[in-house]
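Have a look at the structure below, then the notes.
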Amino acid sequence: MLRILYTILLLLPLLSGCGGGASVRTAEEGLTSGENGYIPRLQSAYDAGDYNSVAKMPRVDNLPPKEQALSNLLLLNSQMKILPAAVTEKQFIEINPELLPLPYQLEYQLSYATFLKASNPDKALLLLKRPSISSNSVREKPELFARFYRLRAEIEIQMGLSVEAANDYIKREQFVFGESQIAANQTALWMLLSHLPQEILDGIILGEQSSTLQGWADLIAITRELTRFPDELSEQVELWKKRYSEHPAQEKLISDLLDRSRKLVLNPKQIAILIPLSGSYAKAGAALRDGILASYLSDSHKTEITLRFYDTAGNPDLIESLYQKAINDGAEFVLGPLNKKVIQRLTTISRNYSVPMLNLNLTEGSTQENTYQFSLSPENEAINVANRAWHEGYSRISILLPENSLGRRMSLAFRKQWEAYGGTIASSAYYNPKLNDFATPIKSLLDINRSELRRKRLRATIREKFEFTPRRREDIELIFLSAQPRQARIIKPQLRFHHAANLPVIATSYLYTGKTDRKLDRDMNGVLFGDMPWNIRQSEFSKRSKHLNKKYSGQLKRLVAMGIDSYQIIPLLPILNAYPHELYRGESGQLSINEAHHIKRLLSWSKFKGGVPRPVKDIVYVEPTATEKLDEVITQ
């Protein structure tokens, strides 16, 4: 509490308005820049990054115009560093940037765009159309231009303009110096481009982009295709060097790509697959098996690999003997099991072996060094929704989830991610998924009950009938919905009936069966939802696997995609583990591995239109730590 009180007292000079207030003094009172060194002291503390000291200094009005503009900017920028929530756009508008010294004109531009970034990215990007000053005019401040191009790239990424952002990272490189700074910038560029689908990379390579950007796209395409095969990769990289002989890619980056292919790729000759092919989980096991086999049959090196299936029947008591048999049969990699209890039992056994393993579910606690876990978890879906909603510019959201363990798990995961961003949950409600009428939770979510209570009280008071339209709360920007198809097809029209027709809805994949049905889904128009590419994108692999799309729907169809990816990702597991920013673009999503050895999925997005899901542009999420590290390197 004392710390909070101290912070408030410290910020009082900044929070006071323009003119008036005990913290504001005028030049006539004797506090002029020339006589008392106000501006130099302010500037010195600000340039040193001592924003608290700047905050302590009293605000001075009625300075000469140029000094007043500089003073206001330094105080405003310090406020943005310490208490950004208190900053208003009016404070920027009141500063005339043309009165500022040249470097501070660019500081103003960067601060204003940073302020607008979350709430109005279009305006922020327009503000950053070009640097407000020439780089030749402030040669001693290259870091300002490095910040400019990084910030513009971040906003472009936020708006789905990935190619434009890549070009800005390339421009940024001319303003960073030293091997470590260049390496950090190239890593950020690599992360951005590696998130892009192959068709966009192909468009860059074959289009009218700079040779530098084309070279980066071509190198990523080569590594994406050939990382599993070190000799072929090395040969193609040498050809790439000849095609782009002047490319700025650091030799260390290229040698690292080759080293990881030689040293980290797994190439098991025999894979044991431990999944339930009988018992209550047989349908799930069959979907996984069909996905694994489809992936195996498409592998150009399949003749070098043997698959052996072992039926766990979902029974923990069988796993020890099955696992031992698989090892005795010569397994060099274990894929499975699927059931949590079976995995937990296996964990106590497999610690005695060095055979790497990919479990097809998540368990609590840490995994051993050579074990990874892959799941289509509801928590991952909720986190994807939070990421998308925040990057779309929303900050106040209401959540409508099923009243069961699935809903509770999604609620916890979503709240954690949303609050980490700084977002607000305006309201929440839970519905009984067995019912057909969801009016009660919807009214609670929209706070219509309170409006109807006011009507009852007013009617009791005046004792007359009158026309009345219930009003919902107006502070909700977006609704997060998770529902099965049957429920979602009822909930969306009921939201419209309860005066929420104009509220956008973002949802999990559960509302989509995976098969187009214009008639049944006609009321879902406008709903934005995340799902795996297997369901909403047409890859070359999915085009060749139409029999699987016809055979399965719903979660079973998604398990087919999980089976496909679980086989394809085996060789890359150590690389994804060693390089957390790397992605594998699979049928179930863009896959990466976190510190717990869990595979994370980034989903693709679609919006219902005419009862049909229409793909919308995916947003590339670059973690905040990546740009923070860039800034750290720049200031060294």
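State all residues of segment 516-534 that are open to solvent by 20 Å² or more (accessible area, probe 1.4 Å) and either of a type in the set (D, E) or without any contact (Cβ under 8 Å) to a residue 40 or more places away in the chain (or both); if no residue qualifies, say none.
Residues satisfying the conditions are D517, D523.
Okay, residues lined up against (1) within 22 Å of I383 (Cα to Cα); (2) modelled with pLDDT of 95 or more; (3) surrounded by 15 or more Cβ atoms within 10 Å (Cβ to Cβ); (4) hydroxyl-bearing (S, T, Y):
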{"position": "S542", "(1), (2), (3), (4)": "no, no, yes, yes"}
{"position": "G554", "(1), (2), (3), (4)": "yes, no, yes, no"}
{"position": "M562", "(1), (2), (3), (4)": "yes, yes, yes, no"}
{"position": "P574", "(1), (2), (3), (4)": "no, yes, yes, no"}
{"position": "H581", "(1), (2), (3), (4)": "yes, no, yes, no"}
{"position": "N594", "(1), (2), (3), (4)": "yes, no, no, no"}
{"position": "K617", "(1), (2), (3), (4)": "yes, no, no, no"}
{"position": "V620", "(1), (2), (3), (4)": "yes, no, yes, no"}
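Residues are listed down the side, and each one gets a yes or a no for (1) among the polar types (S, T, N, Q); (2) buried (at least 21 other Cβ atoms within 10 Å of the Cβ):
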site: L192; (1), (2): no, yes
site: E199; (1), (2): no, no
site: L219; (1), (2): no, yes
site: T227; (1), (2): yes, yes
site: P230; (1), (2): no, no
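Out of all the residues in segment 77-90, which are at pLDDT 95 or above and touching a helix residue (DSSP H, G or I) at 6+ places or on another chain (Cβ under 8 Å)?
E89
Determine whether S234 is assigned to a loop (DSSP other than H, G, I, E, B) and more than 28 Å from the chain's Cα centre (by Cα). I'd like the intermediate steps shown before the answer.
Values: assigned to a loop (DSSP other than H, G, I, E, B): no; more than 28 Å from the chain's Cα centre (by Cα): yes.
Spelling it out, it is not the case that S234 is assigned to a loop (DSSP other than H, G, I, E, B) and more than 28 Å from the chain's Cα centre (by Cα).
Given the criterion open to solvent by less than 50 Å² (accessible area, probe 1.4 Å), aliphatic (A, V, I, L, M), in contact with a Ser or Thr (Cβ under 7 Å, 6 or more places away or on another chain) and outside any loop (DSSP other than H, G, I, E, B), identify the matching residue among I491, I506, I479.
I479
Could we say that E208 is modelled with pLDDT under 95, surrounded by fewer than 20 Cβ atoms within 10 Å (Cβ to Cβ) and part of a helix (DSSP H, G or I) here?
Working: modelled with pLDDT under 95: yes; surrounded by fewer than 20 Cβ atoms within 10 Å (Cβ to Cβ): yes; part of a helix (DSSP H, G or I): no.
For E208, the condition - modelled with pLDDT under 95, surrounded by fewer than 20 Cβ atoms within 10 Å (Cβ to Cβ) and part of a helix (DSSP H, G or I) - is not met.
Can you tell me which residue among S234, S180, S194 is touching a helix residue (DSSP H, G or I) at 6+ places or on another chain (Cβ under 7 Å), among the hydroxyl-bearing types (S, T, Y), modelled with pLDDT under 95 and within 23 Å of D299 (Cβ to Cβ)?
On inspection, the qualifying residue turns out to be S194.
Within segment 56-91, take every residue that is more than 22 Å from A113 (Cα to Cα) and touching a residue at least 40 places away in the same chain (Cβ under 8 Å) and give me the one that is most open to solvent (accessible area, probe 1.4 Å).
Applying the filter and picking the extreme gives K56.
Could you please find all residues in segment 125-148 being touching a residue at least 24 places away in the same chain (Cβ under 8 Å), in a helix (DSSP H, G or I) and under 12 Å from A113 (Cα atoms)?
The answer is L125, R147, F148.
R152 fails exactly one of the following numbered conditions: (1) in contact with a strand residue (DSSP E or B) (Cβ under 9 Å, 6 or more places away or on another chain); (2) modelled with pLDDT of 95 or more; (3) among the basic types (K, R). What is the number of that condition?
(1)
Among the residues of segment 302-335, which ones are under 28 Å from K543 (Cβ atoms) and in contact (Cβ under 8 Å) with a residue 60 or more places away in the chain?
L335
How about segment 278-309: which of its residues are of a type in the set (V, I, T) and touching a helix residue (DSSP H, G or I) at 6+ places or on another chain (Cβ under 6 Å)?
Matches in segment 278-309: I292 only.
Can you tell me which condition R415 does not meet? The list is (1) of a type outside the set (G, A, S); (2) assigned to a strand (DSSP E or B); (3) free of Cβ contacts under 8 Å to residues at least 60 places away in the same chain, and all the others hold.
Here R415 meets the rest and fails (2).
Which of the residues belonging to segment 44-78 are of a type in the set (V, I, T) and under 41 Å from the mean Cα position of the chain (by Cα)?
V54
The values are calculated or read from the model by the stated rules, or taken from the named source; none is laboratory data. Only a predicted model underlies this, so the values are computations on that prediction, with no experimental measurement involved. Positions of Cβ are generated from backbone atoms using ideal geometry, with glycine treated the same way; all protein chains shown enter the neighbour counts. Ligands, DNA and RNA are excluded from the accessible area calculation, which covers all protein heavy atoms including side chains. Shrake-Rupley method; radii C 1.70, N 1.55, O 1.52, S 1.80 Å.
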